[in-house]
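Chemist: What follows is a structure written as structure tokens; I'll ask about it next.
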Amino acid sequence: MNRGKKVMLSILGGVDVTFYMITPIIIAVLWVNVIGLSDFLDYFFYAIGLISSIFRAIKVGWLDNGRTTTRN
């Protein structure tokens with residue numbers, strides 16, 4: 001595979017992981033924008049979105065499972 005394809009796949013992979021991690025926060029923000037901040041449940045949604053994003057970030061960090069190989 002040539003360098004151009006590797007660069008493009010790396011960029012697409014980075015965008016995919018970024019959206020995978022921030023999706024719960026985006027959903028929580030949209031919920032609060034539609035409904036508004038009115039009670040404890042809205043803050044609970046923010047907390048769940050943040051915890052879910054942290055979990056997804058940790059999960060993505062461990063996807064490699066120690067198998068780092070470099071091939072040309």
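Chemist: Restricting to the stretch 5-44, name every residue that is among the β-branched types (Val, Ile, Thr) and closer than 21 Å to ALA57 by Cα.
Modeler: Listed by number, the residues that qualify are ILE11, VAL15, VAL17, THR18, ILE22, THR23, ILE25, ILE26, ILE27, VAL29.
Chemist: If you don't mind, there's one more thing I want to ask. If you go through the stretch 33-72, how many residues are at pLDDT below 65 and small (Gly, Ala, Ser)?
Modeler: 1
The values are calculated or read from the model by the stated rules, or taken from the named source; none is laboratory data. These figures come from a predicted structure and were not determined experimentally.
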